[in-house]
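J.: Could you have a look at this structure, given as structure tokens, before my questions?
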Amino acid sequence: MTQRTLALLPGDGIGPEITEATRVVLAAASEAFGLGLAFKTIDIGFAALEASGSTFPDAAFEAIRACDGIVLGPVSHNTYPARDKGGLNPSGELRKRLDLFANIRPARTRANIAPRAGVPLDMVIVRENTEGFYADRNMHSGPGEVMVTEDVSIAFRRITRHASMRIAREAFALAETRGKHVTAVHKANVMRVSDGLFLECCRSVAADHPDVSYDERIVDAMCAHLVRSPDQYDVIVTTNMFGDILSDLASELAGSLGLAASLNAGETSAMAQAQHGSAPDIAGQDIANPSSLIGSAAMLLTWMGQRENDAALLKAADAIDAALEAALTSPDLRTRDLGGSTGTQAFAAAVAAGLSQVSLAGA
Ligand code: ATP
């Protein structure tokens, strides 16, 4: 049997709890579908800072890079010390160093969980991950955010043809497998040069996909459209920060941020990562909803399965989704954010048990 090692990075806040819950589900999937998964837990974040003086030590990166896939727990990087005191954002570092250029963020309603939007929705936000308004991504060396005087700060926003073309290609390829519609979200009415370049790239890729319909929305209007008629959207492609903000809106409209899965994908590596942060307000109480990271892990298995052309990985990913859906459908199994009282680990155990049933039924 092929052996595959997944790096598990517990992170901060609720990270260790939801990462353990995800491990339990992945281990059950490995057993049920013969995936040969092994797990390597690697400390990052505050645990690593305490042990080795950095939230993202070089040794951790080397160990992560040697694995076949990555599951990243949320990190509290906004409370880390400055970079020169060891506070590196593991999420940003991994996206940049492994060139995980596409952040795929689905938002869809689930059976029995009322969408806040009032109507069912099923969309995927394809967010550029390696540049844009993210100060830690844009420079060859040094920070992309500077204090010019004590009272004046400047941040750099980089938009390149290379990154815009490849994220547009990713979005159209995805749309080909779904509803065949792409919406590019931008602010080119103000950022004429940079978002103008982004739109030029989207339009040129659209011309290569005549069977996929294409339209454009200005980001502020898009917020109103998402609330008003979220069922109109299929694949949304956008730059880094707009994608980050719109995906929280879309996920919450679909039901809850606690359900929001995502994958960071590159040419040769991929990383499962929940859309939400480390939720320090509920950490250590076994009440966090692990669905987001479990769903992200299923996306990782799909990515690995497509890449390796491996039917077992693809089946396992579908089975995790089905078992997750079934657990979420049962009102008795809800975690606190969805109005129930089931604990994080008990919820994961129910998904894992459901998975064995799905595999026995021949999923
Ligand atoms: P960070 O500082 O890491 O960004 P945060 O609390 O500011 O953390 P989020 O972690 O995204 O931001 O959380 C926003 C809200 O959603 C919080 O009230 C948090 O408790 C809740 N939340 C986030 N993730 C989950 C989850 N998996 N289960 C339940 N509630 C969650």
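J.: Which residues, counting only those in region 252-272, are among the small types (Gly, Ala, Ser) and within 10 Å of the ligand (Cβ to nearest atom)?
T.: Quick first cut of region 252-272, residues among the small types (Gly, Ala, Ser) only: 254-256, 258, 260-262, 265-266, 269-270, 272.
Scanning region 252-272 gives Ser256, Gly258, Ala260.
J.: OK, next. Checking the conditions here, which among Ser256, Ser247, Ser251 is under 25 Å from Pro120 (Cα atoms) and open to solvent by 10 Å² or more (accessible area, probe 1.4 Å)? It would help to see each step written out before you state the result.
T.: Numbers: Ser247 fails: open to solvent by 10 Å² or more (accessible area, probe 1.4 Å); Ser251 fails: open to solvent by 10 Å² or more (accessible area, probe 1.4 Å).
Answer to the check: Ser256.
Residues are listed down the side, and each one gets a yes or a no for (1) free of Cβ contacts under 8 Å to residues at least 24 places away in the same chain; (2) open to solvent by less than 20 Å² (accessible area, probe 1.4 Å):
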position: Glu128; (1), (2): no, yes
position: Glu131; (1), (2): no, yes
position: Tyr134; (1), (2): no, no
position: Met139; (1), (2): yes, no
position: Thr149; (1), (2): yes, no
position: Ser153; (1), (2): yes, no
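J.: Within region 150-157, does at least one residue satisfy the condition of being closer than 21 Å to Leu246 by Cβ and under 22 Å from the mean Cα position of the chain (by Cα)? Break it down into steps so the answer makes sense when it comes.
T.: Step one: filter region 150-157 for residues closer than 21 Å to Leu246 by Cβ, giving 155, 157.
Of the ones still in play, those that are also under 22 Å from the mean Cα position of the chain (by Cα) are 157.
Yes.
J.: Residues that are under 19 Å from Ser262 (Cβ atoms), touching a Ser or Thr at 6+ places or on another chain (Cβ under 6 Å) and modelled with pLDDT of 90 or more: does region 132-154 have at least one? Even if it seems obvious, please write down each step before you answer.
T.: Going residue by residue through region 132-154, those that are under 19 Å from Ser262 (Cβ atoms) are 132-134, 136-137.
Adding the requirement that they be touching a Ser or Thr at 6+ places or on another chain (Cβ under 6 Å) leaves 132, 137.
Now drop any that are not modelled with pLDDT of 90 or more, which leaves 132.
Within region 132-154, one or more residues are under 19 Å from Ser262 (Cβ atoms), touching a Ser or Thr at 6+ places or on another chain (Cβ under 6 Å) and modelled with pLDDT of 90 or more.
J.: Only residues in region 156-178 that are open to solvent by 40 Å² or more (accessible area, probe 1.4 Å) count as the first member; pair them with residues that are in a loop (DSSP other than H, G, I, E, B), Cβ under 6 angstrom, at least 6 apart or cross-chain, and list the lot.
T.: Every condition considered, the pairs that remain are Phe156/Asn138; Phe156/Gly144; Arg157/Phe133; Arg158/Glu131; Arg158/Asn138; Arg178/Asp234.
J.: Could you pull out the residue among Gln285, Gln275 that is within 12 Å of the ligand (Cβ to nearest atom) and surrounded by 15 or more Cβ atoms within 10 Å (Cβ to Cβ)?
T.: Numbers: Gln285 fails: surrounded by 15 or more Cβ atoms within 10 Å (Cβ to Cβ).
Answer to the check: Gln275.
J.: Does Ile236 count as away from the ligand (no atom under 16 Å from the Cβ) and under 27 Å from Asn112 (Cα atoms)?
T.: On the way: away from the ligand (no atom under 16 Å from the Cβ): yes; under 27 Å from Asn112 (Cα atoms): yes.
For Ile236, the condition - away from the ligand (no atom under 16 Å from the Cβ) and under 27 Å from Asn112 (Cα atoms) - is met.
Yes or no, residue by residue, for (1) at pLDDT below 95; (2) in contact with a strand residue (DSSP E or B) (Cβ under 8 Å, 6 or more places away or on another chain):
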site	(1), (2)
Gly258	yes, no
Ala261	no, yes
Met271	no, yes
Ile282	no, no
Pro290	no, no
Ala316	no, no
Thr329	yes, yes
Asp332	yes, no
Asp337	yes, no
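J.: On the given criteria, is Ala319 part of a helix (DSSP H, G or I), open to solvent by 20 Å² or more (accessible area, probe 1.4 Å) and more than 14 Å from the ligand (Cβ to nearest atom)?
T.: Working: part of a helix (DSSP H, G or I): yes; open to solvent by 20 Å² or more (accessible area, probe 1.4 Å): no; more than 14 Å from the ligand (Cβ to nearest atom): yes.
It is false that Ala319 is part of a helix (DSSP H, G or I), open to solvent by 20 Å² or more (accessible area, probe 1.4 Å) and more than 14 Å from the ligand (Cβ to nearest atom).
J.: Can you find even one residue in region 56-66 that is β-branched (Val, Ile, Thr) and free of Cβ contacts under 8 Å to residues at least 60 places away in the same chain? Quick ask: steps written out before the conclusion?
T.: We begin by selecting, within region 56-66, every residue β-branched (Val, Ile, Thr); these are 64.
Now restrict to residues that are free of Cβ contacts under 8 Å to residues at least 60 places away in the same chain: 64.
Taking every residue of region 56-66 in turn, at least one turns out to be β-branched (Val, Ile, Thr) and free of Cβ contacts under 8 Å to residues at least 60 places away in the same chain.
The values are calculated or read from the model by the stated rules, or taken from the named source; none is laboratory data. On a predicted model such as this, the values are computed, not experimentally measured, just so you know. Ideal geometry is used to build each Cβ from the backbone, glycine not excepted, and the neighbour counts take in all protein chains shown. Calculation scope for accessible area: heavy atoms of the full protein, side chains included, ligands and nucleic acids excluded. Shrake-Rupley method; radii C 1.70, N 1.55, O 1.52, S 1.80 Å.
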